[in-house]
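A short worksheet on the structure shown next.
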Amino acid sequence: MAEKLIIFDTTLRDGEQSPGASMTREEKLRIAKQLEKLKVDVIEAGFPAASKGDFEAVKSIATVIKDSIVCGLSRANDRDIQQAIEALKPAKQARIHTFIATSPLHMEKKLRMSPDQVYEQAKLAVRYARNQVADVEFSPEDGYRSDIDFLCRVLEAVIKEGASTLNIPDTVGYAVPELYGEFFKTLRTRIPNSDKVIWSAHCHNDLGMAVANSLAAVTIGGARQIECTINGLGERAGNCALEEVVMAVRTRKDYFKLELGIDPSQIVPASRMVSQITGFVVQPNKAVVGANAFAHASGIHQDGVLKARETYEIMRAQDVGWTANKIVLGKLSGRNAFKQRLQELGITLESEAEVNEAFLKFKELADRKSEIYDEDILALVDETEDDNHGEMFKFIALTHKSETGERPHALIVFKQSGKEITADSHGNGSVDASLKAIENHVKSGAEMVLYSVNAISGSTESQGEVTVRLTKGGRIVNGTGADPDIIVASAKAYLSALNKLFAAEQKLNPQTSA
């Protein structure tokens, strides 16, 4: 029987470290449920010690997820580990993932600790965690750039203390496949008790080799766990992309000879959900989940595919979930059909009132466009959840005028802390005027660093999905908005970003917090 490759998804933790990709508790829960449908083996739900919000999100996920292992990250100290243990108490299957930097550069410049101090801290952390839970993972941060003699010493010690998984991260994306694979092989050869643990790869994509490096760790180095994210989401250039690793191993089973527990038909739904919630648009030519991944423009290619799909396709689009992109719902559809589709999409609203509100918005949208897509439903649910979770700003109405030779003008009505506000402004275009009208009243002082428009589906009556990224005082937030009117979608996105910017809770980055 072929060995199993464990898929460890860190979209909710490492993926969230992308600037602006911060998610609410409800959004994390939705993604976690989709990851469970995808049948990932381990869901890294967050970093419980980072903030009260992160603690509550991990606890909520631990409460509802039953089929996947739920993992919490912690630095190598008792306080962080205890926070993770408390957050994971409701989990049917729990894992503590503790880390400390081991490279000379990180030990000297960041930790200001000697190698001996790091060695002792790593041992004590794993010992403390192992006394509380059976499943403990240890990561030497910046492991690939660590001195191999020192790394062997640390890893041998944490295995003795009870670590069951050892993860060797390429934290800064410095590795190349052959060398990274050989690095794993050397560690496993030199460490006497290496056969007692599962070895894991965690690669960043700074040089575009995260997937290749991860697979090299498997084929050359004997790793049997890969840490990855949906759409390759992650800080800087991102992480190893789950969809690419899974389909590479599945498509080339003749070479990898490994089993996977993943349900690939849930890959595209997971990709869409993460993209819509975070506002990080998937590039059209992205492998597996990009809009063009199974499109053929060349006449020669089209002719070949029509005669025999295998001539130009190594995977079937329906195998990764591309066929289930349209739902047969319209303005005549009833509430029960709408609720059924919510269930199929893995969406659970907290109350009947929220279902009713989402259904009313669905009917309003169905009056404006003839075909309703899954993405439309997801956008409606996002808006409904925002409306029902104490958001400071809420869109009400917008009028705008744009005429050749005249300066565009917009008048917007929105709520701020429950009070209805009317604001207007001129601008260089209708979008500019609308956003200036909001900013002239709110006076956030934030700088807009990204404005992006993406069509939710493929026709001119599609809803437009707008992403706005704001930065202020070192904080970076994304806001998203969807509407058939792109000006309205832009205003909703700006208000969404302001809601996150004004949120009371600040998040800490476990890689940089003291």
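The values are calculated or read from the model by the stated rules, or taken from the named source; none is laboratory data. These numbers come from a predicted model, not from an experiment. Note that each Cβ is placed from the backbone with ideal geometry, even for glycine, and that neighbours are counted across all protein chains shown. These area figures cover heavy atoms from the full protein model, side chains too; ligands, DNA and RNA do not enter into them. Shrake-Rupley method; radii C 1.70, N 1.55, O 1.52, S 1.80 Å.
Label sites at E86 and K339, each approximated as a point 7 angstrom past Cα along Cα to Cβ, lie 3.8 nm apart. Element breakdown for the chain at a 1.4 angstrom probe: carbon and sulfur atoms account for 51% of the accessible area.
Only helical runs count toward this figure. For the chain, summing -39,500 (n - 2.57) over DSSP H runs of n ≥ 4 and dividing by all residues gives -12000 deg cm²/dmol at 222 nm.
Between the helical axis of 210-219 and the longest alpha-carbon principal axis of the chain there is an angle of about 30 degrees. Expressed as a fraction of 2.2 N^0.38 Å, the value expected for a compact globular protein of N residues, the C-alpha radius of gyration of the range 85-152 is 1.23. Taking label positions 7 Å along the Cα-Cβ direction at both A397 and E56, the computed distance is 3.4 nm, reported to one decimal. Where q = 0.09, 0.11 Å⁻¹, what log10 of I(q)/I(0) comes from the Debye formula for the range 18-169, counting one point per Cα? Taking Cα atoms of the range 18-169 as identical point scatterers yields -0.29, -0.43. You can think of it this way: the chain between A353 and A291 has 18.8 nm of extra reach, that is 0.36 nm per residue less the Cα-Cα gap. The label point for K363 and the one for K39, both projected 7 Å from the Cα toward the Cβ, are 3.9 nm apart.
How large is Rg/Rh for the range 219-293, to two decimals, with Cα atoms and a Kirkwood Rh?
When Rh is taken as the Kirkwood radius, the ratio is 0.98.
The length gained on full extension between D67 and T219, counted as 0.36 nm times the residue separation minus their Cα-Cα distance, comes to 52.0 nm. Scaling against 2.2 N^0.38 Å puts the C-alpha radius of gyration of the range 130-281 at 1.07.
For R112 and V176, a Förster radius of 30 Å and the Cβ-Cβ distance give a FRET efficiency of 0.50, rounded to the nearest 0.05. For the range 224-238, putting each phi into the Karplus relation 6.51 cos²θ - 1.76 cosθ + 1.60 with θ = phi - 60° gives couplings of 10, 9, 10, 9, 8, 9, 5, 6, x, 4, x, 5, 6, 8, x Hz, in residue order, rounded to whole numbers and with x for Gly and Pro. If a spin label sat at a point 7 angstrom from the Cα of K160 along the line to its beta carbon, the backbone N atoms of the range 113-136 nearer than 16 Å would be those of 116-128. Residues in the range 135-140 carry Karplus couplings, in order, of 10, 10, 10, 10, 10, x Hz; the curve used is 6.51 cos²θ - 1.76 cosθ + 1.60 with θ = phi - 60°, and Gly or Pro positions show x.
Taking the Cα centre of the range 214-303 as origin and assigning +1 to Lys and Arg Cβ atoms and -1 to Asp and Glu Cβ atoms, the resulting dipole is close to 100 debye.
A Förster distance of 45 Å, applied to the separation of the beta-carbon atoms of D263 and R79, puts the FRET efficiency at 0.75.
To the nearest ten degrees, helix 374-387 and the longest principal axis of the Cα atoms of the chain are 90 degrees apart. Between the Cα long axis of helix 242-251 and the first principal axis of the chain there is an angle of about 70°, rounded to the nearest 10. Between the range 204-268 and the range 143-192, the alpha-carbon centres lie 19 Å apart. Residue pairs exceeding 28 angstrom between C-alpha atoms, taken from K39/K363; K401/K472; K52/K196; K37/K89; K89/K196; K123/K500: K39/K363; K401/K472; K52/K196; K123/K500.
Each principal axis of the chain carries a Cα extent, and these read 74, 59, 45 Å when sorted largest first. In vacuum, with every alpha carbon of the range 1-80 counted as one equal point scatterer, what does the Debye formula give for log10 I(q)/I(0) at q = 0.21, 0.25, 0.27 Å⁻¹? Two decimals, please. With no solvent term, the Cα-only Debye profile gives -0.92, -1.22, -1.37.
Charge tally around L179: other residues with Cβ under 12 Å, Lys/Arg +1 each, Asp/Glu -1 each, net -1. Basic side chains Lys and Arg get +1 at the Cβ, acidic Asp and Glu get -1 at the Cβ, and with that the dipole of the chain about its Cα centre reaches some 620 debye.
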